[in-house]
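Worksheet: the structure to be examined is printed underneath.
The values are calculated or read from the model by the stated rules, or taken from the named source; none is laboratory data. These numbers come from a predicted model, not from an experiment. Ideal geometry is used to build each Cβ from the backbone, glycine not excepted, and the neighbour counts take in all protein chains shown. Heads up: the accessible areas ignore ligands, DNA and RNA and are worked out on the full protein's heavy atoms, side chains in. Shrake-Rupley method; radii C 1.70, N 1.55, O 1.52, S 1.80 Å.
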Amino acid sequence: MTTRNANTSRTYGYCRISTNKQSIERQERNIKNVYPDALIIKEAYTGTKIEGREKFEKLIKSVKPGDKIVFDSVSRMSRNAEEGIRLYQEMYSNGVELVFLKEPYINTETYRNATRHAIPMTGTNVDLILRGVNEYLMVLAKDQIRIAFDQAEKEVKDLRQRTREGLVTAKLEGKQIGRNTGDKLTTKKSVAVKAEIIKLSRDFEGSNTDVEVMKLTGVARNTYYKYKKEISEGR
């Protein structure tokens, strides 16, 4: 990484959702409430590894010492503890600030302060004890970081397990999961196109041939005849 003048340091907010039940807007709102000038980077992603998140990969390659990346929670950076810890250490070593709104105790600034405020040596035999205390404080700080990532990973695994158990329970109780084989998926677009076919086709209320209706509606041949069949069958 090349050094950038401190006056030009930037703050980024990274938002990510892994399911359609999560709200990326909520993450953005939380970040903007604390860092209104943050440049928000949003990404929808399904999975657990850092690899594959193109915008995030681009961000961590472009940040400079003094820049700051803000996350709503540690799980937004990584849900895999080992990957998260590796990335945390890499960013810390490169002088990039990491902020976790829901886990501020592992912000890189907090970790940096732990190293900065080590108890000074005295030049006496007491230093043997002080050195041990300082090393112990660093171990505690590292443990807090690992615990946070481990917890985020555990929450994901627990959620997946509850989802699987919920599906099994629903099946045992005879509840339908998804659509039945052969069920027709009705969309607003298909309803609108069928209405046009009925109005235009000479087989229904219009005076146009099939080829003419396909051109007027812009519907592909296979889809057109599928819709015609469904109309004829009253579907």
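Calculate, in nm to one decimal, what Thr110 and Ala220 gain on full extension: separation in residues at 0.36 nm each, minus their alpha carbon distance. Walk me through the numbers on the way to the answer.
Numbers: separation 110, 0.36 × 110 = 39.60 nm, distance 6.00 nm.
Result for the pair: 33.6 nm of gain on full extension.
Using 0.36 nm per residue, how much length does the chain from Tyr92 to Ser73 gain when fully extended, once their Cα-Cα distance is taken away? Don't skip to the end; give the middle numbers.
Values: separation 19, 0.36 × 19 = 6.84 nm, distance 1.72 nm.
Length gained between Tyr92 and Ser73: 5.1 nm.
For a 29 Å ceiling on Cα separation, which of these pairs sit above it: Lys32/Lys188; Lys188/Lys215; Lys61/Lys102; Lys102/Lys188? Present the calculation step by step, with values, prior to reporting the outcome.
Details: Lys32/Lys188 36 Å; Lys188/Lys215 20 Å; Lys61/Lys102 25 Å; Lys102/Lys188 41 Å.
Over 29 Å apart, Cα to Cα: Lys32/Lys188; Lys102/Lys188.
Can you pull the one-decimal nm distance between simple spin-label points at Asp37 and Ile231, each 7 Å off the Cα toward Cβ?
6.0
Can you give the net charge of the other residues whose Cβ lies under 12 Å from the Cβ of Ser93, counting K and R as +1 and D and E as -1?
On the way: positive: Arg86, Arg112; negative: Glu90.
Neighbourhood net charge equals +1.
When all protein chains stay in place, what accessible area (Å², nearest 10, 1.4 Å probe) is found for Thr110?
60
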